[in-house]
1. Against the conditions (1) within 16 Å of ligand 1 (Cβ to nearest atom); (2) within 30 Å of GLY241 (Cα to Cα); (3) crowded, with 21+ Cβ neighbours inside 10 Å; (4) not charged (D, E, K, R), where does GLN104 fall short? Just the number, please.
2. Going through the range 148-174 one residue at a time, which ones are part of a loop (DSSP other than H, G, I, E, B) and either closer than 11 Å to VAL207 by Cβ or in contact with a Leu (Cβ under 8 Å, 6 or more places away or on another chain) (or both)?
3. Kindly list the number of the only condition in (1) touching a residue at least 40 places away in the same chain (Cβ under 8 Å); (2) touching a helix residue (DSSP H, G or I) at 6+ places or on another chain (Cβ under 8 Å); (3) within 16 Å of ligand 2 (Cβ to nearest atom) that fails for THR200.
4. Counting residues that are farther than 29 Å from ALA326 by Cβ, which helices (runs of 4 or more DSSP H) fully inside the range 180-267 reach at least 2?
5. If you take the residues of the range 122-160 that are hydrophobic (A, V, I, L, M, F, W, C) and more than 24 Å from GLU94 (Cβ to Cβ), which of them is modelled with the lowest pLDDT?
6. Does VAL153 count as more than 22 Å from GLY412 (Cα to Cα), in contact with a helix residue (DSSP H, G or I) (Cβ under 9 Å, 6 or more places away or on another chain), within 16 Å of ligand 1 (Cβ to nearest atom) and in contact (Cβ under 8 Å) with a residue 24 or more places away in the chain?
7. Where the second residue is modelled with pLDDT of 95 or more and among the polar types (S, T, N, Q) and the first is closer than 10 Å to TYR319 by Cβ and lies in the range 264-281, which pairs have Cβ atoms under 9 Å and are six or more apart or on separate chains?
8. Given the structure, is HIS273 touching a helix residue (DSSP H, G or I) at 6+ places or on another chain (Cβ under 7 Å) and under 19 Å from HIS377 (Cβ atoms)?
Amino acid sequence: MTDLLGRLAAAVGPAHVLVDPDLRAPYETDWTRRFTGAARCVVRPADTAQVAAVLRACAAAGAPVTVQGGNTGLVGGGVPAGGEVLLSLGRLTELEPVDRLAAQVTAGAGVTLERLQRHARAAGLDVGVDLAARSAATVGGLVATNAGGVRVVRYGSMREQLTGVEAVLSDGTVLRRLAGLAKDNTGYDLTQLLAGSEGTLAVITRVRLRLVPLLPARAVALVAVDGVAGALDVLAAARSGLPGLSAAELMLADGLELVRAHGRLPAPFGAAHPAYVLVESAGRTDQTDVLLEVLAGCPAVRDATVAADATGVARLWAYRETHTEAISAAGVPVKLDVSVPVRALPGLVAALPPAVAAAAPAARLVVFGHLGEGNLHVNVLDARGAADAVTDAVLRLVADRDGSISSEHGVGRAKTAWLGLSRDAAQVALMRRIRAAVDPAGLLNPGVLFEEKD
Ligand code: 2HG
Ligand code: ZN
């Protein structure tokens, strides 16, 4: 123990090895307050060489490591179970100038999404991924979890933005593929292997990301519909009629009410409706007319309010983006993040209330999500003691519809027991073999993605 602490202090400087419980505390509990575990210590390297030295020291001591970025994860993947060295990448904040010819940028793992967005925008470009936790979420974690967010309908998830990576294996070996080549067929795609690996294969230290054109004109519509089937009609109309479609988000009446009460937001319409779609179109020129035209041609629309100025756009987005915060203020939810084929959404949304009520009679359900990807965020409040039963009931409904038990948040510690619902035995076995080949001692993020084997 002392020997390990000494080596870690030598690697990063004593000020960046935190052993005091008060100093460790902010790193030991996840954002949702559902997962917590004491770390052996928190270690805060400043660069790739220091990360490698930390991992070599941990490997020599046989010490397991939990890797953490901005600690905004929602499945407990970035907090220790107990006893791990917590490797925080928050000091890897180097940001290279934007490469405008390639429309790419290289960023340290600890750069926040918001800082990266500002950096790209100053160069006339933008980041293809955006999400509500942008001020704290870091690019290393976003790649490690293959984060999605609100622009997937247009630009894909984090892996679609990824053109290269630098990462350190558990034995301290540094892998570097940062040239950002658009074409490179020289074997296995090691960069993509790390996207979504949830820190179980290597510690990502730098990423090379593709950037997209900065689109200054944005129009947003909050659309009221009779239910999820109506929301899908709006989605279909937007997909065919809006070349600039950049978001299609689903909200339901209960969630909107919760958000309104939490943020003291005005009612968007004279009457409440069962469901709402937030549709955004972005382009170089004003998007208002084309958005209005598409909505006018869609019979499912019951009411709509449109904004194209920055304040109005932010006002409409607040109904959607503050869901997580409003839920968190109401309690500690069981948080499930699932996807099904888009056409299966109405059936799934209808099946959720009885299934959840059977598992936890007093539970309150808040469902919203990314309509374009069939991605629902199923939050269950007041599920007292029935978290596993609720999780099981919901994830089985999803599996029955050929869905994924983790659409964009990852498996983390929260869903390891249910991985088999989305991956068959052959796939889980192959993933375990890859993990064993890359990290034979299983030191990186043990207990994340896979259940620990005895
Ligand atoms: C979002 O889409 C995030 O806002 C969080 O993925 C979802 O809180 C949630 O369940
Ligand atoms: Zn989401």
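1. Failing condition for GLN104: (1).
2. Initial filter on the range 148-174 (part of a loop (DSSP other than H, G, I, E, B)): 148-151, 156-157, 169-173.
Matches in the range 148-174: GLY148, GLY149, VAL150, LEU169, SER170, ASP171, GLY172.
3. With respect to (1) touching a residue at least 40 places away in the same chain (Cβ under 8 Å); (2) touching a helix residue (DSSP H, G or I) at 6+ places or on another chain (Cβ under 8 Å); (3) within 16 Å of ligand 2 (Cβ to nearest atom), THR200 is out only on (3).
4. Working: elements: 190-194, 228-241, 253-263.
Output list reads 190-194, 228-241.
5. Of the range 122-160, the ones hydrophobic (A, V, I, L, M, F, W, C) are 122-123, 125, 127, 129, 131-133, 136-137, 139, 142-144, 147, 150, 152-153, 158.
Still in the list and also more than 24 Å from GLU94 (Cβ to Cβ): 132, 150, 152-153.
Details: ALA132: 94, VAL150: 98, VAL152: 98, VAL153: 98.
The residue in question is ALA132.
6. On the way: more than 22 Å from GLY412 (Cα to Cα): yes; in contact with a helix residue (DSSP H, G or I) (Cβ under 9 Å, 6 or more places away or on another chain): yes; within 16 Å of ligand 1 (Cβ to nearest atom): yes; in contact (Cβ under 8 Å) with a residue 24 or more places away in the chain: yes.
When the stated conditions are applied, VAL153 passes them.
7. LEU265/THR322; PRO268/THR305
8. Details: touching a helix residue (DSSP H, G or I) at 6+ places or on another chain (Cβ under 7 Å): yes; under 19 Å from HIS377 (Cβ atoms): no.
Here the answer is no, as HIS273 does not meet what is asked.
The values are calculated or read from the model by the stated rules, or taken from the named source; none is laboratory data. These numbers were taken from a predicted model, which means no experiment stands behind them. Counting neighbours? That spans all protein chains shown, and the Cβs are built from the backbone with ideal geometry, glycine included.
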